[in-house]
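Read through the structure below, which is laid out as structure tokens, and then see the notes.
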Amino acid sequence: MNLFPKYIMLNEIQVSTNDLIKYKKPETDREVDFTDFLKEWYSENKYIEIKTSGSTGTPKTIKLQKEFVAESARRTLQFFQLKKNDRILHCLPLQYIAGKLMVVRALLGELDLYLTEPSTDFAFLKNKKFRFAAMVPNQVAKILKAEAAPGELLNKIEQLLLGGSSIPASLERALQNISTACWSGYGMTETATHIALRKINGSGADGWYHCLENISVNLSAKGCLQISMPGLENQPLPTTDLAELKDEKTFRILGRADNVIISGGIKFSPEQLEKKLEPFISKPFLISSLPHESLGHQLILVVEGKENKGTTEKLKEICKKQLGRYEQPKQILVKDKLPRLPNGKFNRRET
């Protein structure tokens, strides 16, 4: 597989990568980001530099070998059976690994890349069809909200990969009525995007992630997922994700170890509590904690919106019905806006 082809397909037009890098003047910020990455990919360096999102700690810049990144792209091309000239939609930020991988997949697979802004309204889906796309859950929810009928727009995408953050239960339910084959990816910057996939809807849908070829997982002494795969300098790669394993290729995520709240000597996973509440709370929310004199920390529910007594009472009733005795939040706080990281995930530390 040629890592540095001479041409790339952009919206059905074959363009010289050399011309894009050396001669074509970018007209938008999106084009600047695209050209900058091409320059980095075609440089003499054997690696690319990528910013982490900061969801598990302070954002940092890491180096990934181009061969390692290309192997990730190859696995995706193979799994989704993407062929030359297949049209793929690129609507992710190019600063992060997921956005960069879309370009690498297009280069290596000789795919037709349709590049658009992450903030697009996706109206072009009325007239265009795509073999493959990768999105964050907020973008998918945006498309569904804009549809006059279920699937009117989203069904124009044959295969859809969701990543970047957990998928709300309400969104997962809505995707059951869509013909698009939807997948959730598990991965991180250090693994050059997903190392495992979970089918969300249709045939084969389940709650478990399945590792791609030559990749396996195990658990640390603390119950966190560890990843083994070709190309990693230090193996296994530790994560802060609490997980349950069916076998060395099959797992599901329970929450983050660094998000665990200990209240009254009991450990609580905010993500597990949020999953119980998701079907009943329509506004963005999260489970957090505050220091408490006797409990150490007390559970709290933080909801995005405008505060009023009726809303708070309704939330209390939902928690009472859906959560166990010791899982009940001691306070319910309503904030105009929940803080988020640049990739759209909640900033739990700031909250």
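The values are calculated or read from the model by the stated rules, or taken from the named source; none is laboratory data. Because the structure is predicted, anything quoted here is derived from the model rather than measured. All Cβ positions, even for glycine, are placed from backbone atoms using ideal geometry, and neighbour counts span all protein chains on display. Just so you know, the surface numbers come from the protein's heavy atoms only, side chains and all, with ligands and any DNA or RNA stripped out. Shrake-Rupley method; radii C 1.70, N 1.55, O 1.52, S 1.80 Å.
Show me the GluC sites (Glu not before Pro) within the range 233-273 that DSSP assigns to loop and that have at most 11 other Cβ atoms within 10 Å of their Cβ.
GLU233
Classify the range 189-258 as rounded, prolate or oblate, taking a ≥ b ≥ c as the square roots of the eigenvalues of its Cα gyration tensor: rounded when a/c is under 1.5, otherwise prolate if a/b is larger than b/c and oblate if not.
Values: a/c = 1.88, a/b = 1.29, b/c = 1.46.
Judged from the Cα gyration tensor, the range 189-258 comes out oblate (a/c at least 1.5, b/c at or above a/b).
Expressed as a whole percent, how much of the Cα-Cα distance distribution for the range 169-307 exceeds 26 Å? All intermediate terms of the calculation are to be shown ahead of the outcome.
Values: 3533 of 9591 pairs.
Above the 26 Å cut-off, the range 169-307 has 37 percent of its Cα pairs.
Could you compute the net charge surrounding ILE227? Neighbours are other residues with a C-beta less than 12 Å from the C-beta of ILE227; K and R count +1, D and E count -1.
Combined, the nearby Lys, Arg, Asp and Glu give -2.
Straight-line reach from LYS63: which lysines fall under 25 Å, measuring Cα to Cα and dropping same-chain residues less than 8 apart?
LYS6, LYS22, LYS39, LYS46, LYS51, LYS100, LYS345
Could you sort the peptides 319-329, 84-94, 211-221 by per-residue average Cβ neighbour count (10 Å cutoff), highest mean leading?
With the highest mean Cβ count within 10 Å placed first, the list reads 84-94, 211-221, 319-329.
Using a 1.4 angstrom probe on heavy atoms only, work out the carbon and sulfur share of the accessible area of the range 232-308 in %.
Answer for the range 232-308: carbon and sulfur cover 51 percent of the accessible area.
Considering amide H positions built from the backbone, and no H for Pro or chain starts, which residues 5 or more places from LEU82, or on another chain, come under 5 Å of its amide H?
Answer set, sorted by chain and number: none.
Modelling each spin label as a point 7 Å along the Cα-to-Cβ direction, I'd like the SER228/LYS25 distance in nm, to one decimal.
5.5 nm
What number, in nm² with one decimal, is the all-direction average of the projected area of the convex hull of the alpha-carbon atoms of the range 29-118?
Averaged projected area of the range 29-118's Cα convex hull equals 6.1 nm².
Along the Cα→Cβ direction, 7 angstrom out, place labels at PHE79 and GLU152. What is the inter-label distance in nm?
So the label points at PHE79 and GLU152 sit 3.2 nm apart.
For TYR7, what residues show an amide H to amide H distance below 5 Å, using hydrogens built from the backbone and excluding near sequence neighbours?
Amide H neighbours of TYR7: THR17.
Among the listed pairs LYS145/LYS267; LYS126/LYS314; LYS83/LYS126; LYS25/LYS60; LYS128/LYS335; LYS129/LYS246, which have their C-alpha atoms separated by more than 32 angstrom in this model?
Among LYS145/LYS267; LYS126/LYS314; LYS83/LYS126; LYS25/LYS60; LYS128/LYS335; LYS129/LYS246, the Cα-Cα distance tops 32 Å for LYS145/LYS267; LYS126/LYS314; LYS128/LYS335; LYS129/LYS246.
Considering only protein heavy atoms, what per residue accessible area in square angstrom results for the chain with a 1.4 angstrom probe?
51 Å²
Rg and Dmax of the chain, using alpha carbons, in Å: what are they?
Reported Rg and Dmax, both Å: 21.4, 67.
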